[in-house]
1. Looking at this structure, is E177 part of a helix (DSSP H, G or I), within 14 Å of the chain's Cα centre (by Cα) and among the charged types (D, E, K, R)?
2. Take the conditions farther than 16 Å from T112 by Cα and not in a loop (DSSP other than H, G, I, E, B) and apply them to F152. Does it pass?
3. Which of the following residues is out of contact with any helix residue (DSSP H, G or I) (no Cβ under 7 Å at 6 or more places or on another chain) and modelled with pLDDT of 95 or more: E53, E28, E64?
4. Take the conditions open to solvent by less than 40 Å² (accessible area, probe 1.4 Å) and either more than 18 Å from L120 (Cβ to Cβ) or within 16 Å of the ligand (Cβ to nearest atom) (or both) and apply them to L167. Does it pass?
5. Only one of (1) surrounded by 14 or more Cβ atoms within 10 Å (Cβ to Cβ); (2) of a type in the set (D, E, K, R); (3) within 26 Å of E164 (Cβ to Cβ) is not met by E111, so which one is it?
6. Give the residue that is nearest to the ligand (Cβ to nearest atom), with candidates limited to residues of region 59-87 that are within 18 Å of E144 (Cβ to Cβ) and part of a helix (DSSP H, G or I).
7. Scanning for something touching a His at 6+ places or on another chain (Cβ under 9 Å) and either at positive phi or within 15 Å of the ligand (Cβ to nearest atom) (or both), does region 6-22 turn up at least one residue?
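The values are calculated or read from the model by the stated rules, or taken from the named source; none is laboratory data. Fair warning: this is a prediction, and the values are worked out from it, not measured in the lab. Note that each Cβ is placed from the backbone with ideal geometry, even for glycine, and that neighbours are counted across all protein chains shown. Heavy atoms of the whole protein, side chains included, go into the accessibility calculation; ligands, DNA and RNA do not. Shrake-Rupley method; radii C 1.70, N 1.55, O 1.52, S 1.80 Å.
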Amino acid sequence: MRRDYEIKKEIVDTAHMMNTKGLVGTYEGNISVKHKDRLFLTPSGHSKELLTEGQIIVTDMKGELLEGQLKPTSENPMHIKCYELRPDINAVVHCHAPYSTAYAQAGIKLETNVSPEFLLLFGDIPIIPYGTPGTSNIVKGIEEYIQDYDVFLLEKHGVLAVGETALEAFSKTMSLEMLAQTEVIRKIITGGKSNPLTEKECRILLEKGRSNHGVKS
Ligand SMILES: [Zn+2]
């Protein structure tokens, strides 16, 4: 039986890690954890670096406020939509991690078939077409992918990851950011060229198990 304080601490620890790793600016990004029929969320407009357990908002699964003095994240509808579509997940993380977000802003797919690690970890990174922030339209179109994938680029916006825990969703976001950063560096040193795994190399790896639902090496 998890206590509310433990859930709030999970969110605060994740927020601090996201800040330390440079995944969030001062006010950007949001995190939620589902526990039974309640949702624990980061507040709107507050620093992730300085976030405390007392600032975490609790709502029901429709977004009605149950506990907290602050306003919940404006992306509450996006979080709720993810939980509706994926009853197996307990956490959602959203941020504007700079390298990944550059690809999201450009609407350019990341190449996941450039190393065994990234291919097995992600398989693919779907791009969800642009939708207005603060509404469930922000993830309109995610229905097509969310049963098979845990990590997404939101076109012209940022990154979304779901997981069993906030730590897991954060870890996938961090891996995505490493993939994007590596791709940028590779394109700089090769003048934009790729050196992807061959079809045979991909097939052998994928027979071991594919993800974006989290195969770990
Ligand atoms: Zn955002």
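1. So E177 passes the test.
2. In short, no.
3. The unique qualifying residue is E64.
4. no
5. Condition (3) is where E111 drops out.
6. Residue satisfying both the conditions and the ranking: M78.
7. No, because not a single residue in region 6-22 is touching a His at 6+ places or on another chain (Cβ under 9 Å) and either at positive phi or within 15 Å of the ligand (Cβ to nearest atom) (or both).
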